[in-house]
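Below is one structure, written out as structure tokens; the observations come after it.
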Amino acid sequence: MPATTTPATPAAPGPARSRRARAVLLLTRLSARLRRAAIYVFLTICSVVSVFPLFFMVVSATNTSNDVLASRLLPGSHLMDNLRSLASTTSLGPALGYSAAIALATTVLALLVCSLAGYGFEIYHSKAKDAVMAVLLLAMMIPFAATMIPLFRLFAGLGMVNSLWAVVVPAVSTPFLILLFRQASRSFPHEVLEAARLDGLSEVGIFLRIYVPTMKSTYAAAAVVTFMTAWNNFLWPRIILVDSDVQTMPLLISNLSAGYVTNYGVLMLAVLLASLPAMVVFLALQRSFANGIMGALK
């Protein structure tokens with residue numbers, strides 16, 4: 001009778017293989033932690049580089065001019081002195097008022113005009129409107145320096161030199177905002193429009209009572225962009241506002257640094273005051289701003 005052979009059982013992994021597996025696992029974990037640490041270090045450096053100018057501006061507003069030139073990075077005790085010097089040597093209150101009036105008027109009118117235009121381009125779509133939109137997009141490529149002199153001659157002929165409306169009107173309709181509202185309108189459900197028309201709602205009622213509440217995020221994004229652009233506008237107000245008594249905050253800051261001797265503490269305080277409104281508007285609407293931009297890109 002032939003002898004039966006039993007199959008050999010596999011040998012258990014040896015200690016060397018087990019140690020090798022543990023070493024590979026440890027190296028994998030170590031490399032993942034090193035990558036994560038490198039990312040955190042990089043993001044920390046980027047954050048410091050981004051925040052440092054703001055920190056230096058705030059600290060410099062509390063120091064004297066000599067301290068600013070010496071790159072002092074600690075807060076000082078001259079904030080009220082700088083504020084009194086700024087208020088006594090410049091027209092700070094009127095400049096803030098003019099900047100606020102221009103920014104608010106530009107924002108409200110631009111939202112109204114550009115949203116109506118973007119709504120019309122998309123909801124009442126046609127090939128002719130596509131051609132007009134293409135012309136508007138081409139207009140975005142024309143630099144402002146090319147239209148600056150014709151604009152000045154136009155407003156001078158209308159007798160609007162040194163008028164705040166001459167600063168507001170050119171910024172009321174911009175191709176960027178029209179494109180933003182047009183892209184956002186593509187996600188607007190046309191079934192809602194048809195239902196509203198069947199219910200007897202007018203086209204103006206559809207726009208005001210249905211479209212505007214639905215597009216709140218897009219309006220917020222457009223408001224942030226328009227307000228910050230109008231508030232920080234420098235070149236056109238410098239050209240059209242020829243009277244020194246009518247100046248915005250960017251013009252006031254420019255005049256502070258135009259003399260033979262510049263008080264950098266006062267200058268930094270003026271820059272800080274000019275930056276606060278735009279920062280407040282952006283921080284208040286930042287979530288809606290992101291949602292509005294993403295909605296327009298979809």
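The values are calculated or read from the model by the stated rules, or taken from the named source; none is laboratory data. No experiment lies behind these values; they were computed from the predicted model shown. As a convention, Cβ positions derive from the backbone with ideal geometry for all residues, glycine included, and neighbour counts pool all protein chains shown. Protein only, heavy atoms only, side chains kept; ligands, DNA and RNA dropped before computing areas. Shrake-Rupley method; radii C 1.70, N 1.55, O 1.52, S 1.80 Å.
Structural remarks
- Any chance VAL108 is under 25 Å from the mean Cα position of the chain (by Cα) and either among the β-branched types (Val, Ile, Thr) or closer than 28 Å to VAL224 by Cα (or both): yes
- Subset of the stretch 117-129 (residues that are within 11 Å of ARG182 (Cα to Cα) and among the charged types (D, E, K, R)): GLU122
- Test: residue in the stretch 58-68 that is open to solvent by 60 Å² or more (accessible area, probe 1.4 Å), at pLDDT 90 or above and under 22 Å from the mean Cα position of the chain (by Cα): yes
- Test: VAL192 is modelled with pLDDT under 85 and touching a helix residue (DSSP H, G or I) at 6+ places or on another chain (Cβ under 8 Å): yes
- Only one of the numbered conditions (1) at pLDDT below 85; (2) open to solvent by 40 Å² or more (accessible area, probe 1.4 Å) is violated by LEU208, and that is (1).
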